1. Being β-branched (Val, Ile, Thr), under 16 Å from residue 193 (Cα atoms) and away from the ligand (no atom under 13 Å from the Cβ) narrows it down to one residue among 276, 300, 264; which is it?
2. For region 319-346, give me each residue that is under 23 Å from residue 203 (Cβ atoms) and more than 10 Å from the chain's Cα centre (by Cα).
3. Report yes if residue 110 is farther than 17 Å from residue 316 by Cβ, away from the ligand (no atom under 15 Å from the Cβ) and free of Cβ contacts under 8 Å to residues at least 12 places away in the same chain, otherwise no.
4. Among the residues of region 248-279, write down those that are buried (at least 18 other Cβ atoms within 10 Å of the Cβ), at pLDDT 60 or above and within 19 Å of residue 217 (Cβ to Cβ).
5. Can you tell me which residue is nearest to the ligand (Cβ to nearest atom) among those in region 69-104 that are in a helix (DSSP H, G or I), within 21 Å of residue 160 (Cα to Cα) and out of contact with any Ser or Thr (no Cβ under 7 Å at 6 or more places or on another chain)?
6. In contact with a strand residue (DSSP E or B) (Cβ under 6 Å, 6 or more places away or on another chain) and away from the ligand (no atom under 13 Å from the Cβ): is that true of residue 292 in this structure?
7. What do you reckon, is residue 226 touching a Leu at 6+ places or on another chain (Cβ under 8 Å), modelled with pLDDT under 95, of a type outside the set (Lys, Arg) and under 29 Å from residue 275 (Cα atoms)?
8. For the subset of region 272-318 comprising residues that are assigned to a loop (DSSP other than H, G, I, E, B) and over 19 Å from residue 214 (Cα atoms), which member is farthest from the chain's Cα centre (by Cα)?
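The values are calculated or read from the model by the stated rules, or taken from the named source; none is laboratory data. Bear in mind that the values here come from a model prediction, so they are computed numbers and not experimental data. Methodologically, a virtual Cβ is constructed for each residue, glycine included, from the backbone with ideal geometry; neighbour enumeration extends over all protein chains shown.
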Amino acid sequence: MLQAKRTNMGNNSGAVQVPLMDDLWADGKWEKQKFIQTTIEGGRLIQAVDLFCGGGGATHGFTQAGVQVVLAVDSWNEALEVHKLNHPDVETACFELGGSIIETAAFIRSKLTHGAHFHLHGSPPCQNLSNAGKKDRGEGLRLVEWFLKLVEYMNPDSWSMENVHPLRRWLDENDVPFVIVNAADYGVPQTRKRVFAGEGWLLEPSHVKEDWVSIIDALPHLNGELIEIVNPKIRKRTVHEPIRTITSKTSSQTKIKINTNGCTESMSKRARSTDTSIDKPCKTLTRQIPTLRKVNGEATKLRALTIEETATLQGWEGFKVPEGIKKGDLWMIVGNMVSPPVAEAIGRGLI
Ligand SMILES: C[S@@+](CC[C@H](N)C(=O)[O-])C[C@H]1O[C@@H](n2cnc3c(N)ncnc32)[C@H](O)[C@@H]1O
């Protein structure tokens, strides 16, 4: 668990009139139901800035926790289209991060309300970490180092940085506080492991392994859709019979699996290692379109998951999809996401 440490931004100190959520609600500025838990320190407004925001997984989670996201930045237009459709109230900006720290900090500060709690989040990409040589490793880490310099320069009240699991060694060597998070421990139907560095929050898992949410829990409509495909001999139920679940009626040799590597018929080691039975949380989603397959010694593709189903496996129900974005881009945007319930737990865990 992260050792929380509170820092104070210089320009946030002093006797200032801190806006309270109730005042803002009274102004009719925000809909009350959007802000479930917004207050620390007796009603202080919490604002977040989401850098490398992609389609908005982190923004969505923070918003669910009642944090007001005042700015989200990415250099990828398509991802920002997704972000805007799902979070039209959040200001977005499209430009390349990684330039002047002073200018970036000034731009961010211009969006913050004086006296509010400031949380800075970033998901800087980090390439080729696991098998890169030292030189390539440096280049792959450029944006991570840049983000950490920005944190040091801005000294926010709290901050978080999400990244791939192999970054933990580098963080450890550089004394950056971090925790390894398995999204399944936060109610996500996916065993996605990511590293979250940061200060000023504590994470409280909501689920233990025994109660992890499975694929079929998250996508219960698959029961009705699949049961006759899997077992064609099965008689349609009468209205008086209880609903059969796919897991209870599938023969023990036949498994319905979700493959997160887009494998269709392959039974290679790689294909099998990215398969999960639907009564468990799925393996880590990537840019590949997940496939629903029937595995019984050999594998048969049943169908691909839809983008909305894929987003649900990231813990984001009700995800909206803009028109005109290429399929490959959509799955990359969703596969890249911070699982919103994890960001929500950080937002709720601010201290
Ligand atoms: C891991 S994804 C972020 C996912 C996002 N946090 C979410 O929860 O949906 C990394 C993002 O960084 C963006 N990116 C990469 N290099 C960038 C740069 N120099 N400036 C701005 N954005 C950049 C990519 O377009 C991508 O959307």
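1. Unique residue meeting the criteria: 276.
2. 345, 346
3. The answer is yes for residue 110.
4. Residues satisfying the conditions are 255, 256, 257, 258, 259, 260, 275, 276, 278.
5. 79
6. yes
7. yes
8. Per the criteria, the residue is 297.
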